[in-house]
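Heads up, the thing below is written out as structure tokens.
The values are calculated or read from the model by the stated rules, or taken from the named source; none is laboratory data. Please read these numbers as outputs of a predicted model, since none were measured by experiment. Note that each Cβ is placed from the backbone with ideal geometry, even for glycine, and that neighbours are counted across all protein chains shown. These accessible areas exclude ligands, DNA and RNA; they are computed on the full protein's heavy atoms, side chains included. Shrake-Rupley method; radii C 1.70, N 1.55, O 1.52, S 1.80 Å.
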Amino acid sequence: MKFTLSWLKDHLETEASLETILEKLTALGLVVDKVENKAEALAPFKICEILEAEKHPNADRLQVCCVNTGTEVIQVVCGAPNARKGLKAVLARPGDVIPSTKQVLKVGKVRDVESFGMMCSAEELHLGEGTEGIIEVDSGAPVGEPYANWIGLDDILIEIEVTPNRGDCLGVYGIARDLSATGIGKLKPLKMEKIKGSYPCPISLKADPEACPHFTGRVIRGLKNGPSPLWLQKKLEAIGLRPISALVDITNFFTHDQARPLHVFDADKLTGNLNIRLSKAGERFKALDGKTYTLSDDMTVITDDSGVISLAGVMGGESTGCDEATHTLFLESAFFDPIRTAITGRSLGILSDSRYRFERGVDPASTLPGLEAATQMILDICGGEASEVVAVGEAPDLRESIPFDPLRIKSLGGLDVSSQCAQEILTSLGFEVKGEGNNLTVVTPTWRSDVEQDADLVEEVLRVEGYDKIPSTPYGDRPEQKPLSPLQERRFIIRERLASRGLTEVVTWSFMSREDTEAFGGAPESLVLLNPISQDLDTMRPSLLPNLLNAVLSNQNRGAEAVGIFEVGPQYSDPTPGGQHMMVSGIRAGVFQSDHWLEKKRLVDIYDAKADVIYVLSGTTVQYDRTAPLWYHPGRSATLKLGPNVLGYFGEIHPRILKEYDVKGPVVAFEIFIDRIPLAKRKSKPKLVLSPYQRVERDFAFVVERNISAESLIKAAQKADPVLMKDINLFDVFDLGDDKKSIAIRVSLQPQDRTLTEEEIQAASHKIISSVAQSTGGVLRQ
């Protein structure tokens with residue numbers, strides 16, 4: 001929210017310094033974001049007048065101008081197409097720094113003709129866009145006066161951050177009301193006189209209460225639309241708004257002055273009467289921004305017999321817009337539902353000052369007063385004759401009656417404030433206080449629908465009284481911070497392990513497009529957000545992988561050939577607490593690492609993902625199942641299990657998925673359910689026992705059915721003599737045809753008390769062969 005110091009003082013009678021005002025704003029929760037004095041940077045640029053303008057002798061598009069600076073007449077070469085005799089412009093003299101280029105202006109020759117200055121465009125002074133010509137100053141402007149002073153830029157510009165619940169402070173009057181409560185000034189009452197209509201309004205209204213609870217308006221005829229008065233133009237220009245015409249400028253003024261959006265229709269362009277209703281799916285509407293929008297069936301619209309002419313609370317239509325030829329208008333002042341307005345603006349991608357205020361809550365009681373005040377200003381500036389007011393519906397009463405005990409200020413806020421002081425603060429903020437002592441009933445004002453309970457009233461008192469007055473709590477009285485739980489500690493350990501594997505941690509949105517979920521099993525309707533922050537983030541993520549794939553694509557588009565990332569965070573299967581799973585998911589794409597003198601470049605494969613998983617699950621014995629979700633490559637993926645429980649998945653991403661995301665393969669990934677990993681038992685390390693006796697290694701090659709896994713064969717061999725066998729390693733697998741394959745293992749036998757004899761080695765070998773045959777049906781290959 002932007003406003004100037006002088007605009008604030010239109011509503012606040014105060015002698016407080018700028019520094020005091022800024023401090024109070026921040027203390028009230030209206031944090032000051034920026035303070036700017038443009039007059040300081042633009043002080044050297046002054047108003048001048050072109051006395052003569054003749055064609056340059058050596059250039060067709062240049063003119064040699066005689067310019068009156070107020071103290072002397074100088075020669076200036078100018079190439080602007082609008083430079084002409086009698087025009088008042090903005091002059092820069094040698095030594096001045098041009099804001100747009102930061103260059104110091106010097107006396108120069110342009111095609112052999114000396115130039116002792118430069119007449120500036122709005123873009124060169126950072127006052128607007130476009131370079132088609134120089135600034136044209138009003139003919140009544142005094143020559144020699146600083147241009148910034150003339151257009152009101154000598155005023156201090158203040159920009160504050162307004163939280164979404166404070167729609168009342170999106171108007172200068174609401175800010176002044178808050179400041180007056182701190183005691184630094186007196187709030188000036190708004191002047192509002194009821195305008196008596198001289199004729200019945202020729203336009204009747206019809207409204208659907210669901211679409212619009214309260215709608216008012218009137219016709220003003222015989223007016224003359226043109227440039228707005230200089231004082232109004234200066235106010236709007238000072239906060240960055242471009243003056244358009246008197247009628248549009250007046251509505252913009254009330255939007256920023258009193259947080260009361262208005263709209264004007266050219267009544268001569270209306271066909272029949274007005275109907276405020278919900279839109280019908282497929283209806284089309286051409287807005288004032290020149291774009292045509294296709295509407296859904298849940299948007300509030302204003303229509304006449306020709307169709308939709310305005311998107312209520314968001315933007316007016318091009319077909320009924322006011323221009324210089326407008327002589328009769330219909331002035332609208334209404335209250336539109338905040339939620340419906342917000343959804344409409346977001347779904348269509350329209351952000352306007354009107355929508356910004358309606359979705360944060362406009363004072364419903366300001367509808368008629370805003371109409372009367374705007375009518376008076378239009379009559380004063382544009383003339384004309386006003387009709388009687390027409391209205392449909394009633395302003396909703398959003399006030400709350402809240403029981404309030406001032407002792408709650410101490411218990412909730414830690415500050416001792418008397419009942420009398422609390423009542424004075426609340427009254428100054430517009431609240432109605434009834435009762436005495438500690439038994440109060442507080443009625444909220446119409447512009448504060450965000451105040452719903454006594455805790456909100458405590459906050460109102462504290463922010464005016466001053467948060468800085470709350471005494472600090474001694475450190476000894478604070479409860480000791482609890483250490484991390486084992487589950488929380490595990491997340492940090494996993495992060496460290498993956499980082500040591502060369503992966504980079506990323507943090508992505510907890511939301512995603514519902515379309516993206518389809519490739520990863522889809523998302524139930526319960527995960528779709530009712531009010532998403534954007535259309536492409538409308539669903540709670542059922543998997544971390546889609547967002548990680550988008551991150552991979554972003555890196556590949558910037559030339560990265562080796563991408564390795566991971567994320568630790570929740571994914572969702574339903575909106576219940578049990579439907580949230582803490583996950584660690586990672587992706588490797590492209591090459592394992594870029595060129596290195598020590599290692600040749602190679603593409604990532606499933607074994608890289610498996611190594612990542614094994615390192616994450618260090619200390620946990622898992623089983624591998626060939627089945628995996630459909631987004632993995634069949635045959636190049638696996639499911640991690642601990643008994644019947646699924647711990648996660650890993651493998652190559654399916655080529656179909658990579659094609660949908662336009663990601664270059666190969667890509668391997670893993671997903672691990674962190675909360676399903678069993679907690680490690682805290683125990684001391686066993687005593688290291690080294691055997692002095694010779695280790696014996698024997699190789700075995702078994703012929704088994706093709707569907708027998710190497711893991712099951714190794715487990716069968718281990719059962720033969722777990723004490724004697726130290727290691728079993730797989731070193732060869734190949735296909736024999738006829739649904740048979742060969743699996744070769746190397747078994748290490750390590751005795752602890754003697755050297756094995758040949759007979760004992762043979763006996764152990766027979767046990768291994770027998771155990772494998774019994775469990776898998778495998779026989780030694782001949």
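For the reader, a short list of remarks on this structure follows.
- Number of positions in the stretch 395-409 that are more than 35 Å from the chain's Cα centre (by Cα) and of a type in the set (D, E, K, R): 2
- Going through (1) modelled with pLDDT of 90 or more; (2) closer than 21 Å to PRO81 by Cβ; (3) within 40 Å of the chain's Cα centre (by Cα) one by one, LEU125 falls short only on (1).
- Unique residue being within 30 Å of GLY579 (Cβ to Cβ), in contact with a helix residue (DSSP H, G or I) (Cβ under 7 Å, 6 or more places away or on another chain) and surrounded by 14 or more Cβ atoms within 10 Å (Cβ to Cβ) when the list is ALA669, ALA717: ALA669
- Subset of the stretch 3-54 (residues that are small (Gly, Ala, Ser) and in contact with a Gly (Cβ under 7 Å, 6 or more places away or on another chain)): ALA16, ALA27
- For beta carbons closer than 9 Å, sequence separation of 6+ or different chains, a first residue in the stretch 216-236 that is closer than 22 Å to ALA325 by Cβ and open to solvent by 20 Å² or more (accessible area, probe 1.4 Å) and a second that is hydroxyl-bearing (Ser, Thr, Tyr) and in a helix (DSSP H, G or I), there are no qualifying pairs.
- First in the stretch 152-168 and in contact (Cβ under 8 Å) with a residue 24 or more places away in the chain and within 15 Å of LEU28 (Cα to Cα), second anywhere and in a loop (DSSP other than H, G, I, E, B) and among the small types (Gly, Ala, Ser), Cβ under 6 Å, 6 or more apart: GLY167/GLY361
- If you go through the stretch 399-440 and keep only what is of a type in the set (A, V, I, L, M) and open to solvent by less than 70 Å² (accessible area, probe 1.4 Å), you end up with ILE402, ILE409, LEU415, VAL417, ALA422, ILE425, LEU426, LEU429, VAL433, LEU440.
- Of all residues in the stretch 740-760, those that are touching a residue at least 12 places away in the same chain (Cβ under 8 Å), more than 19 Å from ALA716 (Cβ to Cβ) and open to solvent by 10 Å² or more (accessible area, probe 1.4 Å) total 6.
- In the stretch 86-100, residue surrounded by the most Cβ atoms within 10 Å (Cβ to Cβ) [restricted to those that are part of a strand (DSSP E or B) and of a type in the set (Val, Ile, Thr)]: VAL90
- Where a residue in the stretch 104-133 is free of Cβ contacts under 8 Å to residues at least 40 places away in the same chain and under 25 Å from ASN37 (Cα atoms) and its partner, wherever it lies, is in a strand (DSSP E or B) and open to solvent by 30 Å² or more (accessible area, probe 1.4 Å), with Cβ under 7 Å and at least six apart: VAL104/VAL97; LEU105/MET118
- Per the conditions (1) open to solvent by 20 Å² or more (accessible area, probe 1.4 Å); (2) among the polar types (S, T, N, Q); (3) out of contact with any Gly (no Cβ under 8 Å at 6 or more places or on another chain), the sole criterion not satisfied by THR504 is (3).
- Residues of the stretch 735-769 classified as over 14 Å from ASP721 (Cβ atoms) and of a type in the set (Ser, Thr, Tyr), total: 3
- Any hit, the stretch 646-664, residues being open to solvent by 40 Å² or more (accessible area, probe 1.4 Å), at pLDDT below 90 and not β-branched (Val, Ile, Thr): no
- Of the listed requirements (1) aliphatic (A, V, I, L, M); (2) assigned to a loop (DSSP other than H, G, I, E, B); (3) under 25 Å from VAL584 (Cβ atoms), ALA519 misses just one: (2).
- Qualifying residue in the stretch 37-49 (condition: under 22 Å from ASP138 (Cα atoms), acidic (Asp, Glu), surrounded by 15 or more Cβ atoms within 10 Å (Cβ to Cβ) and over 44 Å from the mean Cα position of the chain (by Cα)): yes
- Considering residues of the stretch 71-85 that are farther than 17 Å from SER139 by Cβ and touching a residue at least 24 places away in the same chain (Cβ under 8 Å) only, the residue surrounded by the fewest Cβ atoms within 10 Å (Cβ to Cβ): THR71
- Within the stretch 314-331, the set of residues being touching a helix residue (DSSP H, G or I) at 6+ places or on another chain (Cβ under 8 Å), open to solvent by less than 10 Å² (accessible area, probe 1.4 Å) and under 16 Å from LEU274 (Cα atoms) comprises THR320, LEU329, PHE330, LEU331.
- When the stretch 5-27 is filtered for residues that are surrounded by fewer than 21 Cβ atoms within 10 Å (Cβ to Cβ), in a helix (DSSP H, G or I) and of a type in the set (D, E, K, R), the ones remaining, listed by number, are LYS9, GLU19, GLU23.
- Filtering the stretch 264-295 to residues that are touching an Asp or Glu at 6+ places or on another chain (Cβ under 8 Å), in a strand (DSSP E or B) and open to solvent by less than 70 Å² (accessible area, probe 1.4 Å) leaves VAL264, PHE265, ASP266, LEU274, ASN275, ILE276, ARG277, LEU278, ALA287.
- GLY651 part of a loop (DSSP other than H, G, I, E, B) and of a type outside the set (S, T, N, Q): no
- Listed conditions (1) part of a loop (DSSP other than H, G, I, E, B); (2) surrounded by fewer than 14 Cβ atoms within 10 Å (Cβ to Cβ) are all met by GLU124, apart from (2).
- Among the conditions (1) over 27 Å from the mean Cα position of the chain (by Cα); (2) in a loop (DSSP other than H, G, I, E, B); (3) touching a residue at least 40 places away in the same chain (Cβ under 8 Å), ILE309 misses just one, which is (2).
- When we screen ALA246, ALA176 for residues that are in contact with a Ser or Thr (Cβ under 7 Å, 6 or more places away or on another chain), buried (at least 22 other Cβ atoms within 10 Å of the Cβ) and at pLDDT 90 or above, the only hit is ALA246.
Yes/no matrix, rows are residues, columns are (1) modelled with pLDDT of 90 or more; (2) basic (Lys, Arg); (3) open to solvent by less than 40 Å² (accessible area, probe 1.4 Å):
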residue: SER691; (1), (2), (3): no, no, yes
residue: PHE700; (1), (2), (3): yes, no, yes
residue: GLU711; (1), (2), (3): no, no, no
residue: ASP738; (1), (2), (3): no, no, no
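- The stretch 51-63 - residue that is under 14 Å from LEU87 (Cα atoms) and of a type in the set (A, V, I, L, M, F, W, C) and, of those, most open to solvent (accessible area, probe 1.4 Å): LEU51
- Elements of the type strands (runs of 3 or more DSSP E) sitting completely within the stretch 526-637 and holding at least 2 residues that are free of Cβ contacts under 8 Å to residues at least 60 places away in the same chain and touching a strand residue (DSSP E or B) at 6+ places or on another chain (Cβ under 6 Å): these cover 562-572.
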